[in-house]
Amino acid sequence: MPTLLLHGEADNDVPITQSEELYTALWRRRVETAFVRYPRTGHGATEPRRQLSQLERTVAWFDRFLRPGRRSCGIKGLRFAPYRLAELVDAPGRRPAPRAAGF
């Protein structure tokens with residue numbers, strides 16, 4: 001199952017080591033995965049540009065794996081309903097693009 005991990009380095013509720021360990025385990029098992037660390041961010045982004053970054057990354061990830069015509073995520077028997085999340089949250093004519101989290 002493709003997995004996107006977005007984690008704040010200053011998260012006091014969930015240690016970032018949990019995301020690091022999960023990412024490593026998924027990567028070793030060749031699961032499609034991405035891990036983005038947000039410096040100076042706790043449990044939930046409060047800065048608007050980090051919120052936007054997280055939203056854009058999430059929409060791009062969903063769009064990549066849940067796009068119309070994609071009937072499966074690669075797990076036998078598991079299927080997704082075709083929809084395009086980006087159309088629900090995107091401004092007309094603008095496609096969200098993942099950004100580097102180098103804040």
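Summary table
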quantity	calculated
Pairs, first more than 20 Å from Val31 (Cβ to Cβ) in segment 1-18, second among the polar types (S, T, N, Q), C-beta under 7 Å, six or more apart	Gly8/Thr41; Glu9/Thr41; Ala10/Thr41
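Residue-wise test of (1) of a type outside the set (D, E, K, R); (2) surrounded by fewer than 16 Cβ atoms within 10 Å (Cβ to Cβ); (3) modelled with pLDDT under 90; (4) within 15 Å of the chain's Cα centre (by Cα).
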| residue | (1), (2), (3), (4) |
| --- | --- |
| Pro2 | yes, no, no, yes |
| His7 | yes, no, no, yes |
| Glu20 | no, yes, no, yes |
| Arg29 | no, yes, no, no |
| Val36 | yes, no, no, yes |
| Gly44 | yes, yes, yes, yes |
| Thr58 | yes, no, no, yes |
| Gly69 | yes, yes, yes, no |
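The values are calculated or read from the model by the stated rules, or taken from the named source; none is laboratory data. Worth saying up front: this structure is predicted, and the values here are computed from it rather than measured. FYI the Cβ positions are ideal-geometry reconstructions off the backbone, even for glycines, and counts take in every protein chain you see.
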